[in-house]
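Read through the structure below, which is laid out as structure tokens, and then see the notes.
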Amino acid sequence: MKQSKFPYRLSEIESNQGILFSHEGASPGCHCPMHTALSAIRNIEGLSSLVVGMPECSFYSRYVMDTPIGPNKELHYTYVLDSNEVVFGCRDGLTKALEEMERDNAKAIVVIMTCIPALIGEDIAEIAEAFCEEHVTKAVCIDLAHYKRNGYEAGFYESYQALLSFCVKQNRIDNQVAFLGSCSGEEGNFLKLSLKNNAFEILEINAFFSIAEFQRVTASRLTIVTQIHFLPLAKRLEQEYHIPYIFLAGSYSIKAINKCYQQIQEQLTLSEAFDFTSFNSLLQKENEIRKKFKNSRFVITAVVEDVLLLTEYLCSLSMKPCLLHLEEYRVFMREWKEKILAYSVNPLITYMVQDEPVAKLLKEADFLSTKEDIRLCIGNRFDEDVVCIKTGRFQVPFIGYERTLTLLTQMENAYKEEAYATI
């Protein structure tokens, strides 16, 4: 990558290292992925945690885990390295800490490695693996050193994926379907009801579940991913347990959603196709939005978990991306990156550390223009002449047609609030 005073463009992004801050002064900046890992872990019954790092890591962890004992006797401890361990490693002390947690009845432990253990080269993963060989309690390490990660997203990805370490192979249950992520709303409820009416049992792994429930995932006939944070987990389930998955959360367009539901029907050998009431409404709404926003430009400054997927869909509506806030870039996202570039667009990629983008960045992104141009921002309003979907952390809590219909309705409502409605 060549050096530039501006953030890199999408075509240049190959890892998190290419995602530059949007401002020289990082305020409020970005947060350690340990935060979101602990947020996910505290909602999992039967799962304990051990944060390994410096005093500030221990202190910061208490913003999430405000008590060392969970509601179901889970243990949420911290292990603070002393000066000797920073130089010579912490194997003996960490092993003793895990043994103490086992004596205190912890059955499954996620060991969170922070910056200093990673920088000194201590192999926390190997220590956890060696502990498991000699003890009944299972421990797994996740590497969340902040200098390797930009922000929150890695905490979710790594935590959910690590849960497979607490599973064993089970006999396949041919009528069990697992949903990884939220499956709410009219369409989600109809999908689950349809499967139940066809004698399928539904296993939902959402924000709140137990380790015992999760261990049943490995017996599923099919997994349906409705939230991107569970995608790496689904890929590992397919690789290690040969359980096929369908990434329903990866579909915004009518064509892609249709394909997902067709795949579900085929995988489960259902005799009838799904009939969702939101399909016709979406078909009409999509045509309307395509006409209104054709050749418009947009920026996404909010935290959108599937920002590249959303961008690719908006590109399919003949819209041009100029600037995207991206927290986490992973290898599996290359497919979506290439689809966006295929539209002959190449937006700037940045990590927004302040709400309002700087003018020179917007100019470089080709977003500044006359009032006659339709411009869309998904994020906080920073220009009165921009159609804005005001949002903080962007997540439409639906699936399939209903999710896309909700998004397009938000765009239409924002459009009507602006002067563009009279153009």
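The values are calculated or read from the model by the stated rules, or taken from the named source; none is laboratory data. From a predicted model like this one, the values you see are computed outputs, not experimental measurements. Because the Cβ atoms are built from the backbone with ideal geometry, glycine has one as well, and the counts that use them run over all protein chains shown. Remember, those area values only see protein heavy atoms, side chains included, never the ligands or the DNA or RNA. Shrake-Rupley method; radii C 1.70, N 1.55, O 1.52, S 1.80 Å.
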Problem set entry | Options CYS167, CYS141; residue that is touching a strand residue (DSSP E or B) at 6+ places or on another chain (Cβ under 6 Å) and either outside the structural domain of GLU327 (by TED's automatic domain parsing) or modelled with pLDDT of 95 or more (or both) | CYS141
Exercise. Counting only residues that are open to solvent by 50 Å² or more (accessible area, probe 1.4 Å) and either under 21 Å from the mean Cα position of the chain (by Cα) or under 21 Å from VAL303 (Cα atoms) (or both), which one in region 393-423 is modelled with the lowest pLDDT?
Worked result: ARG393
For this session: Could you list, in sequence order, all residues of region 325-377 that are among the basic types (Lys, Arg) and at pLDDT 95 or above?
Result: ARG334, LYS337, LYS339
Exercise. If you go through region 163-175 one residue at a time, do you hit one that is in contact with a Gly (Cβ under 7 Å, 6 or more places away or on another chain) and surrounded by fewer than 19 Cβ atoms within 10 Å (Cβ to Cβ)?
Worked result: no
For this session: Might you let me know whether region 102-122 holds any residue that is open to solvent by 10 Å² or more (accessible area, probe 1.4 Å), of a type outside the set (A, V, I, L, M, F, W, C) and closer than 25 Å to ARG330 by Cα?
Result: yes
Exercise. Any residue at all in region 214-223 that is more than 23 Å from the chain's Cα centre (by Cα), open to solvent by less than 10 Å² (accessible area, probe 1.4 Å) and farther than 21 Å from SER278 by Cβ?
Worked result: yes
For this session: Could you tell me whether any residue of region 200-208 is open to solvent by 40 Å² or more (accessible area, probe 1.4 Å), part of a loop (DSSP other than H, G, I, E, B) and at pLDDT 95 or above?
Result: no
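A quick yes/no check of all residues on (1) at pLDDT below 95; (2) surrounded by 16 or more Cβ atoms within 10 Å (Cβ to Cβ); (3) closer than 30 Å to GLU356 by Cβ:
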position	(1), (2), (3)
GLN3	yes, no, yes
PHE21	yes, yes, yes
SER27	yes, no, yes
ILE41	no, yes, no
GLY46	no, yes, no
SER49	no, yes, no
VAL52	no, yes, no
MET65	yes, yes, no
TYR79	no, yes, no
Exercise. Is region 102-116 home to any residue that is farther than 30 Å from VAL304 by Cα and in contact with an Asp or Glu (Cβ under 7 Å, 6 or more places away or on another chain)?
Worked result: no
For this session: Would you be able to tell me the number of residues in region 229-257 that are open to solvent by 30 Å² or more (accessible area, probe 1.4 Å) and in contact with a Ser or Thr (Cβ under 7 Å, 6 or more places away or on another chain)?
Result: 2
Problem set entry | Members of region 258-272 that are open to solvent by 20 Å² or more (accessible area, probe 1.4 Å) and either assigned to a helix (DSSP H, G or I) or modelled with pLDDT under 90 (or both) | ASN258, LYS259, GLN262, GLN263, GLN265, GLU266, GLN267
For this session: Within region 311-338, count every residue that is part of a helix (DSSP H, G or I), hydrophobic (A, V, I, L, M, F, W, C) and over 16 Å from the mean Cα position of the chain (by Cα).
Result: 2
Exercise. Which condition number does ALA125 fail, the rest of (1) closer than 22 Å to GLN267 by Cα; (2) touching an Asp or Glu at 6+ places or on another chain (Cβ under 9 Å); (3) at pLDDT 95 or above; (4) open to solvent by 40 Å² or more (accessible area, probe 1.4 Å) being met?
Worked result: (1)
Seminar exercise, completed: Residue hits (region 224-257; aromatic (Phe, Trp, Tyr) and not in a helix (DSSP H, G or I)) are TYR245, PHE247, TYR252
